[in-house]
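First comes the structure, then the notes that go with it.
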Amino acid sequence: MMRFSLRQAIFSKIRVLFFKLKSPGLVVGENVYIGRSCSITSIYSLCVGRDVYIGKNVTIEVEGSIGSGCLIANNVGIVGRRDHDINSSGLIFHAPTVREVRALSLHTKIESGVWIGFGAIILSGVTVGEGAVVAAGAVVSRDVPRGAIVAGNPAKVVGWRKVDNA
């Protein structure tokens, strides 16, 4: 169980309420901490499990899910809504409609018990398996197996950790 000062807990709850109002597709479980200066945007569906820690300056702009018991360090980016279609003709800054964004977006899944290190980037469309560890500064562009420890750009498996079966 995570413990925070009363002030931290109150401001985190306010941030959770703010993000729920801003992103109607956001569902947040119990005991979720969201740090200062975060940006969470979900047009359709983002489900965050219980007992999740989201550090300061984290940007989450994907449709998908974050499992229970995840720890997301400061300055992490979970991004790639696919709202810029480089294959379209004309201006690359064309703002797609909500329907076009949904068609282009890929589901991102971070399973339970995942640790994501400082400054890591998780691109949309990947699954980070249960109990995996993403090292600081890693760029994850492909699926990460259950219990894997990944590092680098692009992220590669550098080790394994034991994941308890539930």
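Annotations for the structure displayed:
- The residue list 62, 28 contains one member that is touching a residue at least 40 places away in the same chain (Cβ under 8 Å), crowded, with 19+ Cβ neighbours inside 10 Å and of a type in the set (A, V, I, L, M, F, W, C), which is 62.
- Residue ID - farthest from the chain's Cα centre (by Cα), chosen from residues in region 65-79 that are surrounded by fewer than 22 Cβ atoms within 10 Å (Cβ to Cβ) and outside any loop (DSSP other than H, G, I, E, B): 71
- Filtered by the rule that a residue be within 9 Å of residue 112 (Cβ to Cβ) and among the hydrophobic types (A, V, I, L, M, F, W, C), region 67-81 gives a lone residue, 70.
- Test: residue in region 32-40 that is more than 23 Å from residue 106 (Cα to Cα), small (Gly, Ala, Ser) and not in a loop (DSSP other than H, G, I, E, B): no
- Residues considered: 15, 36. Of these, the only one that is in contact with a Lys or Arg (Cβ under 9 Å, 6 or more places away or on another chain), charged (D, E, K, R) and buried (at least 18 other Cβ atoms within 10 Å of the Cβ) is 15.
- Selection within region 142-166 - of a type in the set (Val, Ile, Thr) and either modelled with pLDDT of 95 or more or assigned to a strand (DSSP E or B) (or both): 144, 149, 150, 157, 158
- Among the candidates 139, 98, the residue that is at pLDDT 95 or above, over 19 Å from residue 36 (Cα atoms) and among the β-branched types (Val, Ile, Thr) is uniquely 139.
The values are calculated or read from the model by the stated rules, or taken from the named source; none is laboratory data. Please read these numbers as outputs of a predicted model, since none were measured by experiment. Virtual Cβ from ideal backbone geometry, glycine too; neighbours counted across all protein chains shown.
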